[in-house]
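Reading through the structure tokens given below for one structure.
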Amino acid sequence: MRGYAEMSTAILIALTLLCQGVESSVRVTSLHVPRHAVRYSNQTLTCSYEMANKKLYSIKWYHNNKEFLRYTPNDDTKLVLFNTTLIKVNMEASTGETVVLQEIDLSASGKYMCEVHTEYPEFTCVDKEATMTVVVIPEEQPNIEGDVTGHYGVGDTVKLNCTAAPSIPEASLVWFINDKQAPKEFVHEYELEKLSDGLAVSRLGLDFKLSQSDFIHGELKLKCTATIATLYHSSDEHSQQDPTAQVKEVRERPEEGSLVTSTDEGSSSTSVSGGLIKRLLALHATLLITLHLLR
């Protein structure tokens, strides 16, 4: 028994050394592990390999350097799950080369490794690793906070904050002024707020003085965007017209049916509807009298 134990230990040590960089025609060609995965979703990990006419002995899966699943095709129980509270594996959907993680939580983040072993006598071992981060997508769009109920004018100071909804990792915030990213000197970065459940809240301030050039065709647009990798993109926007550019000239509304004419500076608007009718009636009467006399 002692000799068998020593031999097993020697084999394990040899396998470990082989996995630490001995070149071989056996190789893991690809390891598919999502870089980002949404919390409570199901995720599939896939390990592809080339055996170079050698026989497969086992495939071992590790999470943060701890083995959690082993596939041994020649054993009676081909797929064995080791005790783990950090991840849940759908054993019916998993095959060894493919592992299905079920309803992943934040604890499923970390490094995953696929380790492929060949049969005796080579006992070749090759591996590949990749990292997955479990993310929590914000449930709401970012929120612009500050005085946005009134109207800004030239010379006013804009002082606003943009707050992202809780997430993991924290959302990346960017301010835009008229669809152009705000200069760094206009932006103030706040310290990240960590919540008790592990989620994070990011905030970004905007502080600058308005000039006439900030109103494009009389309009000012302020927008804040929140982004998490390629999984989440949302924004909040404040838009307004320059109150000094909305009305250049105010005129009294003419009476219904009247004709309003405009002239150069110093002229006035003349209502001609009533006077024109009177003059036409007088001209008509004059023509009738003239025709009667000519007869």
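Among the listed pairs Lys88/Lys194; Lys88/Lys223; Lys111/Lys180; Lys78/Lys128; Lys111/Lys223, a Cα-Cα separation exceeding 30 Å is found for Lys88/Lys223; Lys111/Lys180; Lys111/Lys223.
Would you rank Thr118, Thr230, Thr44, Thr131 by solvent-accessible area, highest first, keeping every protein chain in place and using a 1.4 Å probe?
Values: Thr118 0, Thr230 140, Thr44 60, Thr131 85 Å².
My answer, sorted largest first, is Thr230, Thr131, Thr44, Thr118.
Under a 5 Å amide H cut-off, with hydrogens placed 1.01 Å from N, Glu219 pairs with Asp242 among residues at least 5 apart or on other chains. Taking other residues whose beta carbon is less than 12 angstrom from the beta carbon of Lys180, and scoring Lys, Arg as +1 and Asp, Glu as -1, yields 0. Modelled spin-label separation between Lys221 and Tyr40, with each label point placed 7 Å from Cα along the Cα-to-Cβ direction: 3.5 nm.
Let me check I've understood the local charge: for Thr84, count other residues with C-beta under 15 angstrom from its C-beta, Lys and Arg +1, Asp and Glu -1. What total comes out? Overall, the nearby charge balance is +2.
Residues whose amide H comes within less than 5 Å of that of Lys88, counting only those at least five positions distant or on another chain, are Gln102 (H built at 1.01 Å from N in the peptide plane). Using the Cβ-Cβ distance between Ser172 and Asp105 with R0 set to 30 Å, the FRET efficiency from 1/(1 + (r/R0)^6) comes to roughly 0.80. For Gln102, neighbours were defined as the other residues whose beta-carbon sits under 13 Å from its Cβ, and their charges (Lys and Arg +1, Asp and Glu -1) total -1.
Tyr71 contributes about 50 Å² of solvent-accessible surface, heavy atoms of the protein only, 1.4 Å probe.
The residue list Leu192, Ser202, His233 was ranked by how far each Cα lies along the charge dipole of segment 133-248 toward its positive end, using unit charges on Cβ atoms, and His233 comes out on top.
The values are calculated or read from the model by the stated rules, or taken from the named source; none is laboratory data. Since this is a predicted model, take the numbers as computed values, not measurements. Don't worry about glycine lacking a Cβ; one is built from the backbone with ideal geometry, like all the others, and counts go over all protein chains shown. The protein model used for the area step is the full one, side chains on, heavy atoms only, and it has no ligands, DNA or RNA in it. Shrake-Rupley method; radii C 1.70, N 1.55, O 1.52, S 1.80 Å.
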